[in-house]
Each structure stands twice: as structure tokens, then as C-alpha cells.
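The structure appears below as C-alpha cells.
The values are calculated or read from the model by the stated rules, or taken from the named source; none is laboratory data. The structure displayed is predicted, hence computed values, not measured ones. Cβ sites come from the backbone with ideal geometry, for glycine too, and all protein chains shown count toward neighbours.
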Amino acid sequence: MPEVVIIGGGVVGASVAYHLTERGCLDVLMLDREEMLGLGSTGKATGGVRAQFETDINIKLSLYSMDFFRDWDFDCEYDPKGYLFLATNNLHLEYLDRTGERQRELGYDGVHLLTQAEVAAMVPGVNCDDIVGGSFGPRDGFINPLAILEGFMVEASMSGAKVKTGTLVRAINVENGRVTGLHTSDGTLECDRVVLCSGAWARHLAATAGIDLPVEPQRRQIVWAKAAKALPPDLPMVIDLKDGFHFRPARDFHVAADTGDGRDVLFAYADPDEPPGFSTEFDDAFLDKVGEKAAHRAPFLNGAQIVYEKCRAGLYENSPDHHAILGGCEVEGLYFANGFSGHGVMHSPATGRALAEIILDGESSFLDVSSLHIDRFANGELLHETAFI
């Protein structure tokens, strides 16, 4: 039987496979219910990476992962165009100042505050009437989620990891407090170590093992449009702290050499009226909601042509505190990499290494991820992150 079975064929599961095989654990099997990998949240992601977070653990996960993306032999198209957070009041600006100081203390050199005039100069055409300043992180930027997935799987497969698609895992079998196997659409699979990386679908599977995994699915929609004119050169990811509206240059990750004409743009925000659920249908009514915010913050997007066939909806896997759930649990042999709340792709390198060390060594030594253990919810030790989008 395989040493480790990974449930879920997205970028997080692929990173776990890569890091396990890198450590010499070669008998790894990945299962995915779809006919090919990356059809879940990985393929719907916007492809952003940032270290401008509030909590130490998120900052550290990001800094490690950005170094990985930069130095990796496999080209994941890491493009440090930066993230620009916009503040519309002094409380926002104080928050950016405080968190920026902590980011620098943890090693993020270069993150700094901007004045209103500097914001206007960085993004010509942005409406700065109600902006009091901002924060810019020059190492933040863009990555290709599907390229990252491919890179992890190519390396893992070359080391012996196996992938089985079109296989639905129906239950995790447990006896005497330990994993004994999986009940799948292809029958029973004996195994004693399982990593649950199935994103928004993880809670149901965890429940079959008697574990309440607090992960809730929620649809997140993204609009693809063509601006009337070419976007400002070197446009970063721009995020309004007031309502989470954000926009960035668009890139089609499914096209090998997508150069575009400089007018493609993605924009979105977290709709507060969006209920929990598994729907991934794009709702045209979202266009009016997000369009109003786009017209206010980025008037140069007025008259942009919506590219309906490229608008999309994917699922966030939200945890109660919007932080990942990493590590083992009371069931021996069952491990979690879930609840990323939109940050799974960007944190995948650190996540995969942490899980590999926990599985093989009993703990993550390169980075202390104990604050992300599932026990924090029962112990009342939730984390707090303001700037999640």
C-alpha cells in the first residue's frame, strides 16, 4: 500500500507530493475526482502572491514562498509587480503603517507607505479623491497557478509519485483512532497516512473520520474585461481596503504565451451578500455590483468591454479566522492542509514543506506552524487578519 495518500489534485496537494518525494518518501499517491488536475480552485485563482499580511504566520508563509517562486528552477512566471493597498481614512493608514513595520521586522525589505500623490503617480487614472495614502510591497506580485501545479507534479512524478484521476473519495476509514484506508469510487484503498487537500470539499470527508473540520465553501467571482485603452505600465495589484475591491492586469494561464494587447484586466471584490455554498456559476448580477466599485476607484475602466467567456467563479475554502488549517489531528495518520481562504496558491510552497516535515518528522522545523493547528478553534486561539480579499 502507498506510504501517503493525498486527496485533492490542486496546487496544495501537488506541493505536499513534491516535498514528500524530495525528502525520500517516494511511494506517494494523489487522488483527484476530476479527469485532470487543477480543475478546482487552482484553475480559477487570480494568481497573486503577497507578504503584506497582518499575522506573523501569514507573513512568514509568504516570504518563504516568494523566495521559493523566485529561486525555483521551474518557471512559475513569478512577476514582482507589487501589491498596492489603498487607505481611505487614517485608521486604514495606521493599520498599514503598523503591519508594514512588522513585515519589515520579519524580513520584508522594501514595503513602505505612499502618500496620496505617490499613489496617483504609481497608478495613473486611479481616483484618489478619497485616498489618504497607501502601502506598496515591491516583492508582491503575480504567479501562474497552473505552472506551479505542473512544476510540483513533474518533479514529484519523476521521483515516483503516482496520480489517479477520476477517483472520488467517499470516506476515510478509521479504526481504533487511526486511519486504515479510504472508501473510493474504485473500491477500498488500504493506507495509514492521508493528507486532506480537497479544498472546499474537505469538511465532508473529515466528518467521515469523525473530525469537525471548520471549512466553509463560498463562491468568489472574477470579472475579465478589456479596457478602452492600454493599462498603466507595470500596473500592480491594486486593493481598496474600504471594501476589498481590487484589480490587476489579466493573464490567461491556460494559454502558453499570453501576451495580450495591454488592455486585459481582472477585477473583483468579496460580495458580502454571497452565501456559503458550492455554486461555481458566474452570476451576471455581480457585474453591476463590482462595476459600480470599478467606476468609482478606476474611472479608466469605464466603458471596458466585458469578456464574458473569461469571467469565472471559483470557491474559497474559508476557515473561521481566514487562516489555513495545517497538521495532524486526534485521528492518527490524518493530516490537513485546508482553510486557506484564498491564499492556497501563494502559500503552497511553505505548506507542502511544512506538511512533509510534520508527516515524516512529527513537526515542521523550518517554520513553526503550530498556530495553524486545528486545535486552535476548540482552544479559543483564533488568529486575526484584517486584509483578506
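List of remarks:
- Test: Leu287 is at pLDDT 95 or above and in the same structural domain as Arg178 (by TED's automatic domain parsing): no
- Check on Leu182, in contact with a Gly (Cβ under 9 Å, 6 or more places away or on another chain), aliphatic (A, V, I, L, M) and surrounded by 17 or more Cβ atoms within 10 Å (Cβ to Cβ): no
- Among the residues examined, Leu93 does not qualify as in contact with an Asp or Glu (Cβ under 6 Å, 6 or more places away or on another chain) and more than 24 Å from Leu382 (Cα to Cα).
- Positions within the stretch 97-130 being aliphatic (A, V, I, L, M), within 19 Å of Asp240 (Cα to Cα) and touching an Asp or Glu at 6+ places or on another chain (Cβ under 9 Å), in sequence order: Val111, Leu113, Met122
Every residue, every condition in (1) more than 13 Å from Ser62 (Cα to Cα); (2) among the aliphatic types (A, V, I, L, M); (3) surrounded by fewer than 21 Cβ atoms within 10 Å (Cβ to Cβ), yes or no:
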| position | (1), (2), (3) |
| --- | --- |
| Leu334 | yes, yes, no |
| Phe340 | no, no, no |
| His347 | no, no, no |
| Ile359 | yes, yes, no |
| Gly362 | yes, no, yes |
| Ser365 | yes, no, yes |
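- The listed residues are Gly107, Gly137, and the only one of them that is within 15 Å of Phe53 (Cα to Cα) and surrounded by 15 or more Cβ atoms within 10 Å (Cβ to Cβ) turns out to be Gly137.
- For the stretch 147-159, the criterion of being assigned to a helix (DSSP H, G or I), more than 27 Å from Phe74 (Cβ to Cβ) and not hydroxyl-bearing (Ser, Thr, Tyr) is met by no residue.
- Filter pass, Gly181 being of a type outside the set (A, V, I, L, M), farther than 30 Å from Glu54 by Cα and in contact with a Cys (Cβ under 8 Å, 6 or more places away or on another chain): yes
- Lone unmet requirement of (1) touching a residue at least 12 places away in the same chain (Cβ under 8 Å); (2) within 28 Å of the chain's Cα centre (by Cα) for Gly177: (2)
- Failed item in (1) at pLDDT 95 or above; (2) more than 30 Å from Glu150 (Cα to Cα), with Pro272 passing the rest: (1)
Table: residues versus (1) at pLDDT 95 or above; (2) under 29 Å from Ile131 (Cβ atoms).
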site: Gly260; (1), (2): no, yes
site: Arg263; (1), (2): no, yes
site: Gly277; (1), (2): yes, no
site: Leu301; (1), (2): no, yes
site: Gln305; (1), (2): yes, yes
site: Asn318; (1), (2): yes, yes
